[in-house]
Every structure is written in C-alpha cells, then in structure tokens.
C-alpha cells in the first residue's frame with residue numbers, strides 16, 4: 001500500500017494555516033497581499049458583489065410585470081348554468097356576454113373556464129378556452145369557437 005492509495009479520511013482535521021511555506025498555507029495564510037480581506041476583522045456585507053451593483057439593487061423594487069402579459073376577462077361555465085338570462089340553444093358572443101353582465105368590456109379578451117357544471121346546449125365564441133371547458137361544453141351538446 002502506498003500513500004496515494006490510502007482512502008480519504010472523513011474525520012481529517014482542517015488545514016492549519018500560517019505554519020511555514022512548505023505547508024501550502026504559510027506566510028499570507030491564503031489571504032493574499034494587502035487589502036481589507038487580508039486584515040483581521042474584515043467582513044463583506046451580505047450580497048456584496050465586489051463593487052458591482054448587487055442583485056437586490058438591480059431588480060425592481062415593487063415586483064415586476066411583463067409588457068407581454070395577456071389579461072383576460074374570465075367566464076366560468078357555472079355562472080352560465082346558474083343564469084336565468086341564458087337559455088338552452090343560445091349563441092353567446094362577446095357582445096351578448098357584455099350585455100348579460102358576464103364581462104365588462106367587449107374589447108378586452110375573454111377566457112372560458114371550466115369551473116362548475118354545464119347542462120345547457122350553448123354555442124360560445126370567445127378568444128381563449130381551457131381544454132376542460134371545451135370538453136364540458138361539447139359533452140352538453142354545445143360548441144366552443146375560439147378566435148385566437
């Protein structure tokens with residue numbers, strides 16, 4: 001057995017610094033030459049990046065909103081089912097949804113969601129619909145038309 005064949009010891013002691021040039025951590029003890037890091041008692045602030053503007057100062061202060069985000073007006077199937085104004089076999093577009101009070105602005109995008117049950121046969125025209133909502137409308141005998 002040779003020294004290089006010995007297994008690593010898991011309880012090996014830490015490297016002792018300042019014990020001569022032959023130890024590998026002698027003279028400056030791994031602190032380099034001069035500067036604050038070489039002095040006793042020097043500490044860097046948490047998040048300090050060596051003079052570069054730190055991450056916490058580079059990021060916006062009150063959150064971030066993407067310019068490309070899409071804001072939808074949401075319509076749940078359960079609300080269409082409960083409403084007395086919506087009958088079976090009715091065709092619903094953005095204009096009708098706005099008149100019935102399900103959405104506020106017909107110029108903004110509308111998304112159909114599958115929250116609730118649906119038994120009425122409806123033809124609904126919206127910008128986007130969830131796959132589950134489309135399946136529930138088709139199961140009731142209706143149709144969903146997406147414009148996007």
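The values are calculated or read from the model by the stated rules, or taken from the named source; none is laboratory data. Computed from a predicted model, the values in this text were never measured in an experiment. Cβ atoms come from the backbone with ideal geometry, glycine included; neighbour counts cover every protein chain shown.
Name the pairs whose Cβ atoms lie under 8 Å apart, with the first residue in the stretch 6-27 and in contact (Cβ under 8 Å) with a residue 12 or more places away in the chain, the second not in a loop (DSSP other than H, G, I, E, B), and 6 or more positions between them or separate chains?
Within 8 Å, the pairs are 17/23.
Go through the stretch 6-38 and report how many residues are modelled with pLDDT of 90 or more and more than 25 Å from residue 50 (Cβ to Cβ).
Going through the stretch 6-38 one residue at a time, the tally reaches 4.
(1) touching a residue at least 40 places away in the same chain (Cβ under 8 Å); (2) farther than 27 Å from residue 114 by Cβ: which one isn't true of residue 72, the others all being true?
(2)
What pairs come up if the first residue lies in the stretch 55-67 and is under 23 Å from residue 45 (Cβ atoms), the second is part of a loop (DSSP other than H, G, I, E, B), and their beta carbons are under 6 Å apart, counting only those six or more places apart or on different chains?
If the second residue must be part of a loop (DSSP other than H, G, I, E, B), the pairs left are 56/47.
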